[in-house]
Amino acid sequence: MIKNYTDSILKQFDKQIKVEIVYNKDLKKCPSYWNKRLFVETRDFSAYDWKIIKTDSYLSKKDYYQRIINNSDDFFKKQKELINQLKFMYNSVMEHKKRITQINGKMYYDLP
């Protein structure tokens, strides 16, 4: 059931990427590409994982991007900042994943 739901979401991302690639000409300039990567990397995350990632610095930077997006009338500027925001979120997730170690099939956070 969950696998079918996940597959359905991934297909929606792929469909949206096909639409976006027409005017972006580059996969990495498509917001849906970054949304898909973020979804794939975080689908097994718990609330605990997100609590660790969402530091004051993280939230401040994410809000910074969101303010630019909300206050701009230029579609391409909004898209560029959305991509920057999604890349930032993706990179934060990947940094968190580097600090996770797997012991006996369970995930433990490896605090520095």
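The values are calculated or read from the model by the stated rules, or taken from the named source; none is laboratory data. A quick note: this is a predicted structure, and the numbers were derived from the prediction, not measured. Heads up, the Cβs are rebuilt from the backbone with ideal geometry, glycines too, and the neighbour counts pull from every protein chain shown. Just the protein is used for accessible areas: all its heavy atoms, side chains included, with ligands, DNA and RNA removed. Shrake-Rupley method; radii C 1.70, N 1.55, O 1.52, S 1.80 Å.
Think of the chain as having a plus end and a minus end, set by charges on the Cβ of Lys, Arg, Asp and Glu; of Leu82, Leu38, Ile17, Ile17 sits farthest toward the positive end of this dipole.
With r as the distance between the Cβ atoms of Lys87 and Lys51 and R0 = 25 Å, compute the FRET efficiency 1/(1 + (r/R0)^6) and round to 0.05.
0.70
Residues whose amide H lies under 5 Å from that of Cys30, counting only those 5 or more places away or on a different chain, are absent; hydrogens are built 1.01 Å from N in the peptide plane. Compared with the dominant principal axis of the Cα atoms in the chain, helix 31-42 is inclined by about 10°.
Calculate the dipole size of the chain relative to its Cα centre from +1 charges on Lys and Arg beta carbons and -1 charges on Asp and Glu beta carbons; express the result in debye to the nearest 20. With Lys and Arg at +1 and Asp and Glu at -1, about 180 debye. With protein chains left intact and a 1.4 Å probe, residues in the chain average 73 Å² of accessible area per residue. Rounded, prolate or oblate, given the Cα gyration tensor of segment 11-70, with a/c below 1.5 counting as rounded? Oblate, since a/c reaches 1.5 and b/c is not below a/b. Overall shape: oblate for the chain, with the ratio a/c of the largest to smallest alpha carbon gyration tensor axis at 1.5 or above and b/c at least equal to a/b. Modelled spin-label separation between Asp44 and Met94, with each label point placed 7 Å from Cα along the Cα-to-Cβ direction: 1.8 nm.
Rounded, prolate or oblate for segment 1-46? Axes are the square roots of the Cα gyration tensor eigenvalues, ordered a ≥ b ≥ c, and the cut-off for rounded is a/c under 1.5. Judged from the Cα gyration tensor, segment 1-46 comes out oblate (a/c at least 1.5, b/c at or above a/b).
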